[in-house]
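The values are calculated or read from the model by the stated rules, or taken from the named source; none is laboratory data. No experiment lies behind these values; they were computed from the predicted model shown. Positions of Cβ are backbone-derived with ideal geometry, glycine not excepted, and every protein chain shown enters the neighbour counts. Accessible surface areas use protein heavy atoms only, side chains included; no ligands, DNA or RNA. Shrake-Rupley method; radii C 1.70, N 1.55, O 1.52, S 1.80 Å.
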Amino acid sequence: MKNSLRVWLALIAGSLGACDYAHLYHVLTVENGSGSGEYPLGRQILIEAAPADTGAAFFAWEGDTAFLEAVRAPQTLLTMPMQDVTVRATYRNLPRYSLEVVHGTGDGTYLAGTRVRITAVASGNDETFVHWKGDTLHLERRDTAVTYVLIPEASVRVEAEFVEIPKISFSREVRPIILLRCSTSNCHGQDREPFLLTYEQIRDNASAIRNSIINGQMPAGGLPLPASERELILKWIAEGTLNN
């Protein structure tokens, strides 16, 4: 069909005499694109749609499309007929897809191919992040609290999973340290107050113990507590001096 049109146009051009030369030129108007100008009969002109706005894409040419090679291509050829021609590029908004982040940030609707940062958010200080679950195929990593989702041509739902951080055990962790480091005869044993032998005695003096650890005064006259033991006692106090 296209080749027949070109042959027909060429025959018409050949049948016109030199005196009709001016009639061979007609105006091409390309709206939302490039290629506008004045061209002779039978000339093939490359026309191109202007770039689409963000969130949109080229859809099709409208107008005098009978002279185009491809109506749905943003770049195509137009064969100039014996008349003025107007074509315009049209666009359509691209679909957006939802991202749902349970126990985290990053919810919204996005274009396919968008890289979205998501962050897991715990409901309290006694929880620690484990992994993401759900549509994890689209995650860069599922084992980090901060990661990225590459939005597909579909909705995505991911959920951050947490586990409760175990509390410091007084009987298994705190009391053995106090008995070894502090509850001696020359420190806080039976001959020197405050006594630090029972849970109640240690609990009632928790504030003083905390200050002494922070100021480096505990244990008195002995080697400083190792950092791991200091942090463990301070954390037990911060958790409420539980008798567990």
Would you check which residues across region 35-87 are aromatic (Phe, Trp, Tyr) and under 30 Å from TYR110 (Cβ atoms) and list them? PHE58, PHE59, TRP61
Of all residues making up region 144-164, the number that are open to solvent by less than 40 Å² (accessible area, probe 1.4 Å) and under 12 Å from GLY113 (Cα atoms): 3
Find the strands (runs of 3 or more DSSP E) located wholly in region 35-139 whose residues include 1 or more that are charged (D, E, K, R) and in contact with a Pro (Cβ under 9 Å, 6 or more places away or on another chain), and list them. 44-49
Looking at (1) over 30 Å from GLY240 (Cα atoms); (2) in contact with a Phe, Trp or Tyr (Cβ under 8 Å, 6 or more places away or on another chain); (3) hydrophobic (A, V, I, L, M, F, W, C), which one does PHE129 not meet, given that it meets all the others? (1)
Contacts under 7 angstrom Cβ, first residue in region 46-58 being more than 24 Å from GLU69 (Cβ to Cβ) and without any contact (Cβ under 8 Å) to a residue 60 or more places away in the chain, partner open to solvent by 20 Å² or more (accessible area, probe 1.4 Å) and not in a strand (DSSP E or B), 6 or more apart: GLY55/LEU94
Would you check which residues across region 54-96 are among the aromatic types (Phe, Trp, Tyr) and open to solvent by 50 Å² or more (accessible area, probe 1.4 Å) and list them? PHE59, TYR91
Please work out which residue is least open to solvent (accessible area, probe 1.4 Å), limiting yourself to region 114-126 and to residues that are touching a strand residue (DSSP E or B) at 6+ places or on another chain (Cβ under 7 Å) and over 14 Å from LEU139 (Cβ atoms). ALA122
Please specify each residue of region 139-156 satisfying the condition of being of a type in the set (Lys, Arg) and in contact with a helix residue (DSSP H, G or I) (Cβ under 7 Å, 6 or more places away or on another chain). ARG142
The condition from (1) without any contact (Cβ under 8 Å) to a residue 24 or more places away in the chain; (2) small (Gly, Ala, Ser); (3) more than 18 Å from GLU153 (Cβ to Cβ) that GLY106 misses is numbered (1)
